[in-house]
Amino acid sequence: MEEGAQSVRRLLTWIWRDYLKRRFAMMLLAFVFMALEGGSIGALSYLVRPMFDSIHAGAPRSAVYGVAFAVAGVFVTRALAGFANRVIMSRQSEKIAADMQEGQLVHVMKLDLAYFLRNPPGSLIERIRGDSTALKGLWPTLLQAVGRDSISLITLLAVALSIDWLWTLIAVVGVPVILGPLTLLQARVRITARQSRTAAGVLSTRLDETFHGIRTLQLTGAEPQEASRYRRALNTYLGAQIRSQTASAAIPALVDLVAALGFAGVMLYGGMQIIAGEKTLGEFMSFFTAMALVFDPLRRLGSISATWAQARASLERMRQLLDEVPTLQSPAHPVPLPVVAGGVRLELRGVSFAYAELPVLTEIDLVAEPGQTTALVGPSGAGKTTVFHLLSRMADPQQGQVLMQGVDLRAMDLRQVRQQFSVVSQDSALFDEALSANIRMGATDRSDAALARALQDANAAEFVDKLTLGAETLAGPRGTALSGGQRQRIAIARALLRNAPVLLLDEATSALDSQSEKLVTDALARLSAGRTTLVIAHRLSTILRADKIVVMNRGRIVDQGTHQELLARGGLYADLYRLQFQN
């Protein structure tokens, strides 16, 4: 119990500090309007008594008119206050949800690659968007409970007590009885809500995989199997949702049951008093109105436990995500990178690396000299891409050092390390933004003239200039508006504009046709000039002129040298060369 209370306090402290504190003024204004709306209900029930007593006693019409106008005034006040608080709260709720989404995205983008390997994109999308969206209704509900509903409850009970305290006791005597069941139902709602959010993440992952693999599904005729897998995931989600909603629906039902018993008791006891002349009809109708109205806010206050339980499940998932600590961080006092011209010297010294418990690299010693091209070749799974990840500090080795200009990367500012690299890969990532925005990623301060030069040097200007909107044309999701060769040339233009001292080429031309490959290869030659260049290539024809070729196999370096030296020595490189060029 104590642990649960601490968890709630921690969640509420976090929400207040990060999201609600700076909106306190607007929340307070909304609270004032909610208080007016809630207090008007008590005034309305109070005015019922003089209305009925005046009519029953044959009072002049002016008295009835006065009460009628007062009732109308109460309704106008309630309507205006309700409108104002709903407008304020809806705006604040949307802003809070947007802040939550942005905060989670900013944090997630700092996490290392291993985290993304453990958590599929669909699950992360659901956690960032789904959980924050599910919370949008929490803030109005909580504030209305504290403001409108609590004040309504207090004023209505005050009216009821002013008429007859015993009637009031009879009406609410059953409330304590349902506190235990309400607590159990709240716990049930929280558990099922957490299950529902997790299942929603699985659904998002399935959809993400389906749409990205649609070509494979259609070519293999596997659409029915995929639909069946999605249906199973959907059934899990529906089951959790139904269980959660059933538990939520039981809460107001319990309140209604208590209300029914209380009303029956008051009608029996109060009715006898009216017959005996001990109470007036106006008193009874005013009390009955107050009690009829009191159970509506009471029902909402009862339901807030279910709302909070559902919200708490989302908040806990969000907090869990934000508690993920990036394993790759800058030191408190980073060592500055020595300023050099013409590339930088990179070195892996005694490096070993494993994903989880799977060894990938073992005792790697590698040097890439400034201004030279170093090529990594070897069978798939040899560890070539992992070398790139370590050099750009997308991961840290379990053993050994990765050095830049003789400085361990872990001693340097992480952002500065990554600013030294430009990457062109087999499937370079483009985003659904203008081509100019894609090229300027990481180099937003570059001029239009520099952008035009980058397009020209990347052999991209010839197709970009033919587009109606030119460089402002949208690339489409994942660059789907462009061909493979066009995407690669845009990626090269990005690297040219970035102008980083180290260039990493990961199978940059392997998926291109001959014509596109020629254009891309020419552009890469211009890009590599004067830089430290590392190349991963399966097609050995693309790296024959490399200054050094490093041969890898099963996570180890088995040989290195120039093309001619490696051929002369025989070994794995010569075998790979003969296999590719035997015809």
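The values are calculated or read from the model by the stated rules, or taken from the named source; none is laboratory data. As the structure is a computational prediction, the values presented were derived from the model and not from experiment. All Cβ positions, glycine included, derive from the backbone under ideal geometry; neighbour counts span all protein chains shown.
Tabulated results
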quantity	calculated
Test: residue in the stretch 365-386 that is closer than 21 Å to L328 by Cβ, in a loop (DSSP other than H, G, I, E, B) and out of contact with any Cys (no Cβ under 7 Å at 6 or more places or on another chain)	yes
Restricting the stretch 300-324 to residues that are basic (K, R) and surrounded by 18 or more Cβ atoms within 10 Å (Cβ to Cβ), the residue that is modelled with the highest pLDDT	R317
Residues of the stretch 336-360 classified as crowded, with 16+ Cβ neighbours inside 10 Å and of a type in the set (A, V, I, L, M, F, W, C), total	7
Residue selected from the stretch 399-456 under the condition of a type in the set (K, R) and in a loop (DSSP other than H, G, I, E, B), by the criterion surrounded by the fewest Cβ atoms within 10 Å (Cβ to Cβ)	R446
Only listed residue being under 46 Å from the mean Cα position of the chain (by Cα), over 29 Å from V146 (Cα atoms), at pLDDT 75 or above and not in a loop (DSSP other than H, G, I, E, B), chosen from A253, A249, A240, A290	A240
Complete set of residues in the stretch 373-384 that are crowded, with 18+ Cβ neighbours inside 10 Å and either modelled with pLDDT under 90 or not β-branched (V, I, T) (or both)	T373, A375, L376, G378, A382, G383, K384
Residue selected from the stretch 102-128 under the condition of a type in the set (S, T, N, Q) and touching a residue at least 60 places away in the same chain (Cβ under 8 Å), by the criterion farthest from D18 (Cα to Cα)	S123
Residue check for A411: farther than 21 Å from A525 by Cα and in contact (Cβ under 8 Å) with a residue 60 or more places away in the chain	yes
Conditions (1) charged (D, E, K, R); (2) closer than 17 Å to E369 by Cα; (3) surrounded by 14 or more Cβ atoms within 10 Å (Cβ to Cβ): number failed by R554	(2)
Members of the stretch 139-186 found to be among the small types (G, A, S) and in a helix (DSSP H, G or I), listed by number	A145, G147, S150, S152, A158, A160, S162, A171, G180
Extreme residue, farthest from the chain's Cα centre (by Cα), among residues of the stretch 256-273 that are without any contact (Cβ under 8 Å) to a residue 24 or more places away in the chain and closer than 18 Å to V159 by Cβ	Q273
The one condition in (1) modelled with pLDDT under 80; (2) more than 22 Å from K136 (Cα to Cα); (3) assigned to a helix (DSSP H, G or I) that A59 fails to fulfil	(3)
Any chance L566 is surrounded by 15 or more Cβ atoms within 10 Å (Cβ to Cβ), over 23 Å from H389 (Cα atoms) and touching a Pro at 6+ places or on another chain (Cβ under 9 Å)	no
Identity of the residue in the stretch 457-473, among the polar types (S, T, N, Q) and touching a helix residue (DSSP H, G or I) at 6+ places or on another chain (Cβ under 8 Å), that ends up surrounded by the fewest Cβ atoms within 10 Å (Cβ to Cβ)	T473
Selection status of A491, at pLDDT 85 or above and over 22 Å from Q580 (Cβ atoms)	yes
Selected residue (criterion: surrounded by the most Cβ atoms within 10 Å (Cβ to Cβ)) from residues of the stretch 81-90 that are in contact (Cβ under 8 Å) with a residue 24 or more places away in the chain and either of a type outside the set (A, V, I, L, M) or closer than 25 Å to V325 by Cβ (or both)	N85
Boolean, Y269 is within 28 Å of F116 (Cβ to Cβ) and at pLDDT 80 or above	no
Residues being under 18 Å from V367 (Cβ atoms) and among the hydroxyl-bearing types (S, T, Y) - total across the stretch 380-435	2
Scope the stretch 445-462; condition hydrophobic (A, V, I, L, M, F, W, C) and either touching a residue at least 24 places away in the same chain (Cβ under 8 Å) or touching a Leu at 6+ places or on another chain (Cβ under 8 Å) (or both); matching residues	A450, L451, A454, L455, A458, A460, A461
So D547, is it within 20 Å of F421 (Cα to Cα), modelled with pLDDT of 85 or more, out of contact with any Lys or Arg (no Cβ under 6 Å at 6 or more places or on another chain) and surrounded by fewer than 19 Cβ atoms within 10 Å (Cβ to Cβ)	yes
